[in-house]
Amino acid sequence: MPEFQHRFGSANGIRIHYVEAGSGPLVMLCHGFPESWYSWRHQLRYLADRGFRVIAPDQRGYGETDAPQSVEAYSLCHLAGDMVGLIYDLGESRAIIVGHDWGAPVAWTCSLLRPDLFAGVGLLGVPYTPGMWGGRRPTEGIRARIGENREFYQLYFQQPDVPEAELQENVSRSLLAMYFAASGEARRDQGWRPFFRRGERFIDSLPVPAQLPSFLTPGDLEYYTSQFTKSGFFGPVSWYRNMDRNSEDLAFLKNAQVRQPSVFIAGEKDGVVEMYRDSYDRLESTMPNLTAKTLIPGAGHWVQQERPDEVNELLGEFISKVPAAAST
C-alpha cells in the first residue's frame, strides 16, 4: 500500500504509530478490539481521495504503538488524551473523529471532553451509552444480572494474565475465531457468544471456521497476526480492566449529550448493537445532531471491513457535511 505513509508521533507521554493518507481537513479513525490501524485500510484510501487528511493510529497497547505495562494506563482518560495529543503533534487544531468497537467510546469521550477540538463524531458498532458512567460499578452490575453459573467476556477479561495467555497460545487461530464469530457470515449456532458457561475458557467458546470469511484475505490475517505477535494482548485486554475506573473517573459526564454532528453505522447482525439496544434506540435524544443511523443488511460487527463500499459512502457523505470540514 505505497500511498499509505507510516509515521510515529509523540503524544500523552507515549510513542504512537499511525498511518496517514491524503491532505485536507483532519479525520481520525480509531480502531477497536482486537484490531489495528489496518482495519481502516478501505476507508483511508477512499477518504483521502475525497480531499481529507486521514489518520489511523495503532491505539495504546496495539501494533507498533507503545504498550505501558500497568493496567491503569489504559483508561478512557488516557485513550482520549492520546488522540488529543496526536492532534497537536500533527500541527492541527480540529478533527473529525470516527471510532469502531472500543474506538467508539474513545471517540465520544473525546467529543465530550474537548468539543473545541472535535468537530464531528462517527460511531461504528457501539452506540453512545451515556449511562455507562457513575452509579454502580459496571462489573458488579453485570455479575448481578447474569448470575453465578454464567460468564460474560467483559468479566472474564478482568482476570490478570488469563485472557491474554489464552489468546497468545495460537494468535492466528484466536484472531480468526473472533473475526469469524462476530461477523455476519457466522450462522446463529456458530456466532459470537458473549455469555458462556462458568469454568469454560473464553477462547473455547469461539468456533474456528474451515475457511476465512470473505472480508479477510490470507494476507490480511497474516498482517493482523504479525501485529499481535509483536504487541501481545496485555494492552488490548487491559482496556476492559478499566471499566470500573472509567465509570468513576467520568461520572461527571453521566447522561451528557454529544452535541456535535454525528453518524452511527453498524451491521444489522452485530451482536453488540443487540447488547446495547436501549442505547441504540435512544441515539436521537442522546446525540441530538445525529445525521444518520444505519444498519447495513447482512453485516456483522466488523462492518467497515465486511461492507467497505457502503461504509465509505456513508462516512464520506457525513464527513463532507461537517461544517469544520466543509469550510476548511
Worksheet entry | Every residue from the stretch 272-292 that is small (G, A, S), farther than 21 Å from E313 by Cβ and open to solvent by 30 Å² or more (accessible area, probe 1.4 Å) | S285
Practice prompt. Residue by residue through the stretch 169-210, note down the ones that are of a type outside the set (D, E, K, R), modelled with pLDDT under 95 and open to solvent by 30 Å² or more (accessible area, probe 1.4 Å).
Written response: Q190, W192, F195, G199, P207, V208, A210
Item to complete: Those residues that are farther than 21 Å from F33 by Cα and outside any loop (DSSP other than H, G, I, E, B), I need them from the stretch 301-323; list them, please.
Response: D309, E310, E313, L314, G316, E317, F318, I319, S320, K321, P323
Item to complete: Would you please name the residue that is farthest from Q305 (Cα to Cα), looking only at residues in the stretch 118-133 that are in a loop (DSSP other than H, G, I, E, B) and touching a Ser or Thr at 6+ places or on another chain (Cβ under 7 Å)?
Response: W133
Fill in: Identity of the residue in the stretch 13-37, out of contact with any strand residue (DSSP E or B) (no Cβ under 8 Å at 6 or more places or on another chain) and buried (at least 20 other Cβ atoms within 10 Å of the Cβ), that ends up nearest to L167 (Cα to Cα)
P34
Worksheet item: Before we move on, is D220 open to solvent by less than 20 Å² (accessible area, probe 1.4 Å), within 30 Å of E164 (Cα to Cα), in contact (Cβ under 8 Å) with a residue 12 or more places away in the chain and in a helix (DSSP H, G or I)?
Response: yes
Practice prompt. Would you please name the residue that is nearest to P163 (Cα to Cα), looking only at residues in the stretch 226-271 that are in contact with a strand residue (DSSP E or B) (Cβ under 7 Å, 6 or more places away or on another chain) and open to solvent by 30 Å² or more (accessible area, probe 1.4 Å)?
Written response: E268
Worksheet item: Identify, please: which residue in the stretch 134-159 is without any contact (Cβ under 8 Å) to a residue 12 or more places away in the chain and assigned to a loop (DSSP other than H, G, I, E, B) and is, among those, least open to solvent (accessible area, probe 1.4 Å)?
Response: G147
Worksheet item: Does any residue of the stretch 295-312 turn out to be surrounded by 18 or more Cβ atoms within 10 Å (Cβ to Cβ), farther than 30 Å from E64 by Cβ and modelled with pLDDT of 95 or more?
Response: yes
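For every residue, the table says whether it meets (1) over 29 Å from Y128 (Cβ atoms); (2) part of a loop (DSSP other than H, G, I, E, B).
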position: F180; (1), (2): no, no
position: W192; (1), (2): no, yes
position: F196; (1), (2): no, no
position: D204; (1), (2): yes, no
position: Q227; (1), (2): no, no
position: I265; (1), (2): no, no
Discussion item. Pairs needed: first member in the stretch 283-306, at negative phi and in contact (Cβ under 8 Å) with a residue 24 or more places away in the chain; second member anywhere, part of a helix (DSSP H, G or I) and of a type in the set (D, E); C-beta distance under 7 Å; at least 6 residues apart or different chains.
Written reply: L290/E284; I296/E310; A299/E306; G300/E306
Discussion item. Taking the condition of being under 14 Å from the mean Cα position of the chain (by Cα) and either of a type in the set (A, V, I, L, M) or within 17 Å of I319 (Cα to Cα) (or both), how many residues in the stretch 47-83 meet it?
Written reply: 5
Worksheet item: When you go through (1) assigned to a loop (DSSP other than H, G, I, E, B); (2) without any contact (Cβ under 8 Å) to a residue 60 or more places away in the chain one by one for R259, which number turns out not to apply?
Response: (2)
Item to complete: Output yes when any residue across the stretch 84-98 is open to solvent by 20 Å² or more (accessible area, probe 1.4 Å), touching a Lys or Arg at 6+ places or on another chain (Cβ under 7 Å) and either over 14 Å from L315 (Cβ atoms) or among the charged types (D, E, K, R) (or both), and no when none is.
Response: yes
Worksheet item: Name the residues in the stretch 156-181 that are within 28 Å of I296 (Cβ to Cβ), touching a Lys or Arg at 6+ places or on another chain (Cβ under 9 Å) and among the aliphatic types (A, V, I, L, M), would you?
Response: A181
Discussion item. Can you pull out every residue in the stretch 295-328 that is under 18 Å from the mean Cα position of the chain (by Cα) and under 22 Å from F118 (Cα atoms)?
Written reply: Q304, V311, N312, L314, L315
Worksheet item: What do you reckon, is E166 outside any loop (DSSP other than H, G, I, E, B), on the phi < 0 side of the Ramachandran plot and open to solvent by less than 20 Å² (accessible area, probe 1.4 Å)?
Response: yes
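The values are calculated or read from the model by the stated rules, or taken from the named source; none is laboratory data. None of the values given here were measured: they were computed from a predicted structure. Every residue, glycine among them, receives a Cβ derived from its backbone with ideal geometry; neighbour counts consider all protein chains shown. Only protein heavy atoms, including side chains, enter the accessible area calculation; ligands, DNA and RNA are left aside. Shrake-Rupley method; radii C 1.70, N 1.55, O 1.52, S 1.80 Å.
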